[in-house]
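Working notes, beginning with the structure itself.
The values are calculated or read from the model by the stated rules, or taken from the named source; none is laboratory data. Owing to the predicted nature of the structure, the values given are computational and were not obtained by experimental measurement. Note that we place each Cβ from the backbone using ideal geometry, even for glycine, and neighbour counts take in every protein chain shown.
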Amino acid sequence: MNTRNVACENAVIQVDNVYKSFGKVEALSGIDIQVESGIVFALLGPNGSGKTTLIRILTTLLRPDSGTATVGGFDAEREPDRLRPIIGLAGQYPAVDENLTGKENLEMVGRLYHLGRKQSILRATELLEQFELSDAARRRAKTYSGGMRRRLDLAAALVANPSILFLDEPTTGLDPRSRISLWEVIKSQAKQCNSVFLTTQYLEEADRLADRIAIMEKGKIIREGTPQELKDCCGGETQIKIRLTDRDQTSHASELLSEIAQGKLNQNSDMGVISFPTAAGTSMLADIVRKFDANGIQLAELGLTQPTLDDVFLAITGHTTEEEAGNDKKEVAGNKQ
Ligand SMILES: Nc1ncnc2c1ncn2[C@@H]1O[C@H](COP(=O)(O)OP(=O)(O)OP(=O)(O)O)[C@@H](O)[C@H]1O
Ligand SMILES: [Mg+2]
């Protein structure tokens with residue numbers, strides 16, 4: 001969806017035709033984005049698609065070659081001093097001071113924002129509690145795990161109560177459990193900020209956290225919408241998936257299902273797997289069980305699979321995010337700190 005040059009009164013972030021190159025590399029090739037007030041917006045894209053470059057422009061750390069970006073009504077290039085106080089940023093690599101304790105890190109940020117000594121201490125204590133870091137408050141950050149550092153970095157971004165929060169790949173490098181726990185933190189913090197703009201290369205993360213998602217590839221926004229809209233538009237139908245105990249029964253089972261599958265049945269006889277899209281949901285599962293029972297066909301597995309945003313990326317671009325990342329694929333096993 002092209003939103004270019006359409007002024008939106010409610011837009012808290014407005015990006016119009018932004019270009020940015022580094023030497024011969026065009027990192028951003030005409031970006032247009034509008035983010036309404038009060039939502040979580042996710043920029044989803046593979047490695048090198050330009051996510052960090054855009055975040056750096058929006059947070060005044062980098063100037064665009066052309067085009068405009070405004071945040072909270074302030075132009076990122078011309079009014080950086082007015083823009084900075086209303087935003088918080090947790091960058092792609094946690095920016096905590098390793099030699100300070102968790103508490104000292106947060107107090108230091110408070111002082112940088114001119115909160116005053118007493119207020120800085122109060123705010124640090126409050127945030128350490130919210131982020132479940134109270135027990136580690138007096139330990140140096142260098143002893144923290146990756147997940148703890150991420151939480152501390154996120155807490156630091158919130159010290160000055162920003163109304164717009166930027167998070168660049170907040171959970172990359174974390175194990176699945178830490179990721180899920182950080183999602184909970186982000187969700188609850190999102191309610192306290194006016195708006196959250198996050199980047200991610202995890203489709204599930206965008207799906208879980210965001211009200212709206214823009215999919216980015218090679219410096220361009222290739223699709224934008226709600227998670228549901230993206231699933232609806234781009235081949236993301238709910239599927240019924242069946243695995244048979246005896247794969248030799250695949251053809252017989254497929255025959256029995258041909259009517260309800262309405263010609264959209266996929267079968268893999270080698271695996272004994274059958275799938276087809278459905279809008280009927282769980283009610284159809286009972287019918288299938290009865291039909292198979294009556295015909296002596298045993299089920300090893302039967303279920304509904306929800307579409308993922310990976311399916312959406314594949315439908316739009318013809319390739320998966322992993323294929324796009326190719327050899328540049330970075331390591332995500334916790335060594336990005
Ligand atoms: N300072 C820089 N100097 C040179 N090239 C750069 C610089 N910053 C970014 N690039 C290039 O611009 C492109 C976009 O990079 P960017 O960091 O914005 O991508 P990204 O989507 O954040 O990727 P990742 O998921 O790996 O963090 C890449 O080709 C990158 O190599
Ligand atoms: Mg990045």
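The table that follows gives values for the structure above.
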| quantity | calculated |
| --- | --- |
| Residue within the range 3-13 that is away from ligand 2 (no atom under 16 Å from the Cβ), surrounded by 21 or more Cβ atoms within 10 Å (Cβ to Cβ) and either at pLDDT 95 or above or on the phi > 0 side of the Ramachandran plot (or both) present | yes |
| Per-region count, the range 45-69, residues outside any loop (DSSP other than H, G, I, E, B) and either in contact with a Phe, Trp or Tyr (Cβ under 9 Å, 6 or more places away or on another chain) or among the aliphatic types (A, V, I, L, M) (or both) | 8 |
| Test: residue in the range 236-254 that is in contact (Cβ under 8 Å) with a residue 12 or more places away in the chain, under 25 Å from Ser29 (Cβ atoms) and surrounded by 16 or more Cβ atoms within 10 Å (Cβ to Cβ) | no |
| Answer from Ala95, Ala42, Ala90 - the residue that is within 19 Å of the chain's Cα centre (by Cα) and farther than 21 Å from Gly219 by Cα | Ala90 |
| Selection count, the range 51-75, where residues are out of contact with any helix residue (DSSP H, G or I) (no Cβ under 6 Å at 6 or more places or on another chain) and either within 22 Å of Asp153 (Cβ to Cβ) or of a type in the set (A, V, I, L, M) (or both) | 10 |
| Pairs with Cβ under 7 Å, 6+ apart, first in the range 35-57 and in the same structural domain as Gly88 (by TED's automatic domain parsing) and aromatic (Phe, Trp, Tyr), second within 15 Å of ligand 1 (Cβ to nearest atom) and at pLDDT 90 or above | Phe41/Phe197 |
| Number of the condition not met by Val196 [criteria: (1) modelled with pLDDT of 90 or more; (2) touching a Phe, Trp or Tyr at 6+ places or on another chain (Cβ under 6 Å)] | (2) |
| Complete set of residues in the range 286-300 that are farther than 10 Å from Ile242 by Cα and in a helix (DSSP H, G or I) | Ala286, Asp287, Val289, Arg290, Lys291, Phe292, Asp293, Ala294 |
| Test: residue in the range 54-70 that is farther than 21 Å from Thr172 by Cβ, surrounded by 22 or more Cβ atoms within 10 Å (Cβ to Cβ) and modelled with pLDDT under 95 | no |
| Residue in the range 100-120 that is surrounded by the fewest Cβ atoms within 10 Å (Cβ to Cβ), counting only those that are modelled with pLDDT under 95 and not in a helix (DSSP H, G or I) | His114 |
